[in-house]
Amino acid sequence: MSKQDLSQLSDDELIKHAEIMKKTKRYDTFIMGFLVGVALFSTIKNGFGLLTFLPLIYPPIAARNMAQRKLVNALMDERGLTLQ
């Protein structure tokens, strides 16, 4: 969603979207940790291979999620909203 799309959301919808984005932070952390674990296990077990570089795929996705989270938080601050 772009900033323009997010600015058109009502206060309740923006709060729901912020709650979802809060959960994605945990998911991003878990997925990245899991991928690093798989890469380490694969490297130790089989040496360097395709799975060694698997964690390099996910950081752009996590960065996009973080940018979206910052945008939602900025809009919530602008409107004076907080999560319960």
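Where a number appears in this text, it was derived from the coordinates with a stated rule and is not lab data. Not measured: the values here are computed from a predicted model. FYI the Cβ positions are ideal-geometry reconstructions off the backbone, even for glycines, and counts take in every protein chain you see.
Seen from every direction in turn and averaged, the convex hull around the alpha carbons of the chain projects onto 6.0 nm². Under a crude label model (7 Å from the Cα following the beta-carbon direction), how far is ASP5 from LEU81 in nanometres? If labels sit at ASP5 and LEU81, their model points lie 1.6 nm apart.
Along the axis of the charge dipole computed for region 3-79 (Cβ charges of +1 for Lys and Arg, -1 for Asp and Glu, origin at the Cα centre), the listed residues MET76, PHE53, HIS17 are led at the positive end by PHE53. If you run the Gaussian network model on the chain, springs between alpha carbon atoms under 10 Å, then out of ASN65, ASN73, ASN46 the most flexible one is ASN46.
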